[in-house]
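**Student:** Pasting in a structure now, in structure tokens, and then I'll have a few things to ask.
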Amino acid sequence: MAESDSKKQQYVPVEIEKFRHATRDITFDVYIRLAEENFAHVFSRSTGLDYKRLAHYIQKGVKLLYVRPEDMPAFHAFVARTADQVFNDPATSNEKKIATLLNMTEQNMAEIFSQIEVPVETASSTKVVVENYVKLMMENPKSLTLILRLVSHGEYLYYHAIATAIFSMFIAKATGQFNRRMLEIVGLGGFLHDIGCTQLPKEITDSEHELTPDQWREMHKHPKLGLNMIETTSNIPDEVRYIVYQHHEQPGGNGYPNKLRGPVIYQPAKIIAIADSMSALISKRPFRAAYKVEEAVEIMMAEKGKFDSQLLKVVEQIFVRSYQGRKAA
Ligand SMILES: [Fe+2]
């Protein structure tokens, strides 16, 4: 928590924007100004940036953070080492690139999930993240194996969004039916698919027990709530809106909110449905252990009518192979 600093010290103002698209590691301390001479320590060199808190400050309209004068060289070095630069440096290892991307993604997700409506700037930075994932996939087909090793499934809704987006892009690419623009749309849809859940009570989204029928009725509203949140965001393509709205429809007609049937459901929404389920199954939950990748695929294949069977075959090929690659690594 913020700790008050009463000593008379000098602080240099720096734009909060400089911390966006940056890596999490900082080698200096960061302060926020509470009043004329009153600064509070908010990020420390030992623990790094806290993206959730950074998103909160940006949302509150904070424009400046503060750094001690003696730390300015470290701050400049930090600004020069943005995630984009790490990503575009040929000398950077793939593992470092993926870790950096996941970092950037986490920052974006923290912003997205703290909003009532998704602003144009947040949508733009999410697009940059997605473009980098697509680039990585194109350049390095083995990156799924690395990502499976590095993605952490934490308690936050946005970890799930990260995994869903990444898995969706890999599945879409493996079908061979998607060009680069559509892969980016699938990725964006994957990141945003569950944003409507932020509008539901925490007892429902964080429930450790099976939901009651009433709670399920509430839960079924999240595709529409999500659609509302991006309705007026001008730079989000319509295709992403279909994904958000249809990601719980099922080819067998038992999905929600509209019980659409197979051919009517938008193909990218079917991909997100599978990636969503995959991410949930391989995550550890309060009421069960995480399933192994091949077990997750088996479970999904056994649920007749819930997922597109052609797509499941693609999933089996790419994930089971990657999982075996991971075991061998
Ligand atoms: Fe959902």
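**Student:** Give me a count of the residues in segment 188-210 that are within 13 Å of the ligand (Cβ to nearest atom) and either free of Cβ contacts under 8 Å to residues at least 12 places away in the same chain or under 20 Å from the mean Cα position of the chain (by Cα) (or both). Walk me through how you get there before you give the answer.
**Tutor:** Here is the first cut: in segment 188-210, the residues within 13 Å of the ligand (Cβ to nearest atom) are 189-200, 204-205.
Restricting the remaining residues to those that are either free of Cβ contacts under 8 Å to residues at least 12 places away in the same chain or under 20 Å from the mean Cα position of the chain (by Cα) (or both) gives 189-200, 205.
Residues that pass the stated criteria total 13.
**Student:** Let me confirm something: among 296, 273, which residue is within 17 Å of residue 194 (Cβ to Cβ), crowded, with 20+ Cβ neighbours inside 10 Å and within 24 Å of the chain's Cα centre (by Cα)? Break it down into steps so the answer makes sense when it comes.
**Tutor:** Numbers: 296 fails: within 17 Å of residue 194 (Cβ to Cβ).
Of the residues listed, the single one that is within 17 Å of residue 194 (Cβ to Cβ), crowded, with 20+ Cβ neighbours inside 10 Å and within 24 Å of the chain's Cα centre (by Cα) is 273.
**Student:** Let me ask you something else. Which ones in segment 234-254 are farther than 17 Å from residue 187 by Cα, among the hydroxyl-bearing types (Ser, Thr, Tyr) and within 16 Å of the ligand (Cβ to nearest atom)?
**Tutor:** Of segment 234-254, the ones farther than 17 Å from residue 187 by Cα are 234, 249-254.
When the remaining residues are screened for being among the hydroxyl-bearing types (Ser, Thr, Tyr), the result is 234.
Selection gives nothing.
**Student:** How many residues, within segment 229-258, are over 21 Å from the mean Cα position of the chain (by Cα), surrounded by fewer than 16 Cβ atoms within 10 Å (Cβ to Cβ) and of a type outside the set (S, T, N, Q)?
**Tutor:** Of the residues in segment 229-258, 3 are over 21 Å from the mean Cα position of the chain (by Cα), surrounded by fewer than 16 Cβ atoms within 10 Å (Cβ to Cβ) and of a type outside the set (S, T, N, Q).
**Student:** Among the residues of segment 79-96, count how many are in a helix (DSSP H, G or I) and within 13 Å of residue 17 (Cα to Cα).
**Tutor:** The first filter runs over segment 79-96 and keeps only residues in a helix (DSSP H, G or I), leaving 79-80, 83-88, 94-96.
Among the residues that remain, those that are also within 13 Å of residue 17 (Cα to Cα) are: 79.
Residues in segment 79-96 being in a helix (DSSP H, G or I) and within 13 Å of residue 17 (Cα to Cα): 1 in total.
**Student:** While we're looking at this one, here's another question. Got a sec? Which of 221, 173 is away from the ligand (no atom under 16 Å from the Cβ) and either out of contact with any Gly (no Cβ under 9 Å at 6 or more places or on another chain) or modelled with pLDDT of 95 or more (or both)? Step through it out loud before you land on a result.
**Tutor:** Values: 221 fails: away from the ligand (no atom under 16 Å from the Cβ).
Matching residue, one of 221, 173: 173.
**Student:** List the helices (runs of 4 or more DSSP H) that sit entirely inside segment 160-256 and contain at least 2 residues that are of a type in the set (Ser, Thr, Tyr) and out of contact with any strand residue (DSSP E or B) (no Cβ under 8 Å at 6 or more places or on another chain). Lay out the reasoning, then the answer.
**Tutor:** Working: elements: 180-192, 202-205, 213-219, 222-230, 238-246.
The helices (runs of 4 or more DSSP H) meeting that bar are 238-246.
**Student:** Something else about it: Only one of 296, 273, 280 is away from the ligand (no atom under 16 Å from the Cβ), closer than 23 Å to residue 167 by Cα and either in a helix (DSSP H, G or I) or not assigned by TED's automatic domain parsing to the domain that holds residue 318 (or both); which? Don't jump to the end; show me each part of the working.
**Tutor:** Details: 273 fails: away from the ligand (no atom under 16 Å from the Cβ); 280 fails: away from the ligand (no atom under 16 Å from the Cβ).
Step by step, each of 296, 273, 280 is checked, and only 296 is away from the ligand (no atom under 16 Å from the Cβ), closer than 23 Å to residue 167 by Cα and either in a helix (DSSP H, G or I) or not assigned by TED's automatic domain parsing to the domain that holds residue 318 (or both).
The values are calculated or read from the model by the stated rules, or taken from the named source; none is laboratory data. No experiment lies behind these values; they were computed from the predicted model shown. Reconstructed Cβ throughout: ideal geometry from the backbone, glycine too, with neighbour counts over all protein chains shown.
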